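Working notes for the structure below.
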Amino acid sequence: MSVIRVVWGSGTGPTETAAYDAALAGAGIHDYNLVTVSSVVPADPPVETVGTAPDLGPVGEELTVVQARASIPPVESGTAHGGEPAVAAVGWARSADGPGVFYEASGRDPERVRETVDAGLRHGCSLREWEPVDRELVVRTADPAPDRHTCVVVCAVYGESRPLL
């Protein structure tokens, strides 16, 4: 049986994309082409909170994920964001029969991001008429770096990689 792993990372770089790549490296998924899905959890696979992904297959293959991502520009004097962190979160809830939903959010305020994920999970379960029996949440923050872009990601990774072609 396959597994869904929840991983996370943060990083900095000279550009927003470079910081995102560094955050993916921190999560152990930077060598894959990520394919984002719409957040439904199949009934059978367990969801494991692991932090950093193990080797999931050859470089360049596709990897299915639910992804929360937050980026912020370098800290400079007089910046509008005032040094607030980048915040990303993924939460999940499962029904008694096993299927469930993921919900992802990002922003600058950890409590607001947490509340957004919680509201999304409640709504997603209600929409499907599920009473959640298992609910978890991973929230990660990254403080802005001077002269570097900063990014934080939290991803739920479905199984292992697959060839693109």
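The table below lists the values:
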| quantity | calculated |
| --- | --- |
| Options Val65, Val41; residue that is β-branched (Val, Ile, Thr) and more than 27 Å from Thr150 (Cβ to Cβ) | Val41 |
| Residue, surrounded by the most Cβ atoms within 10 Å (Cβ to Cβ), within region 1-20, restricted to residues that are in contact with an Asp or Glu (Cβ under 8 Å, 6 or more places away or on another chain) and assigned to a strand (DSSP E or B) | Arg5 |
| Neighbours by Cβ (under 6 Å, 6+ apart or cross-chain): first from region 126-151, touching a residue at least 12 places away in the same chain (Cβ under 8 Å); second of a type in the set (Asp, Glu) and not in a loop (DSSP other than H, G, I, E, B) | His149/Glu16 |
| Hits in region 40-59 - residues which are touching a residue at least 12 places away in the same chain (Cβ under 8 Å), within 23 Å of Asp21 (Cα to Cα) and in a loop (DSSP other than H, G, I, E, B) | Thr52, Ala53, Pro54, Leu56, Gly57, Pro58, Val59 |
| From Gly83, Gly51, Gly26, residue being exposed (fewer than 13 other Cβ atoms within 10 Å of the Cβ) and closer than 19 Å to Val139 by Cα | Gly83 |
| Odd one out for Arg114 among (1) outside any helix (DSSP H, G or I); (2) of a type outside the set (Gly, Ala, Ser); (3) closer than 30 Å to Ala145 by Cα | (1) |
| Residue within region 21-39 that is in a strand (DSSP E or B), at pLDDT 95 or above, within 24 Å of Arg112 (Cα to Cα) and of a type in the set (Val, Ile, Thr) present | yes |
| Region 21-32 residues that are under 13 Å from Val65 (Cβ atoms) and of a type outside the set (A, V, I, L, M), paired with ones that are at pLDDT 95 or above and assigned to a helix (DSSP H, G or I) (beta carbon under 7 Å, 6 or more apart) | His30/Asp21; His30/Leu24 |
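The values are calculated or read from the model by the stated rules, or taken from the named source; none is laboratory data. The structure displayed is predicted, hence computed values, not measured ones. So basically every Cβ, Gly included, is an ideal-geometry build from the backbone, and we count neighbours across all protein chains shown.
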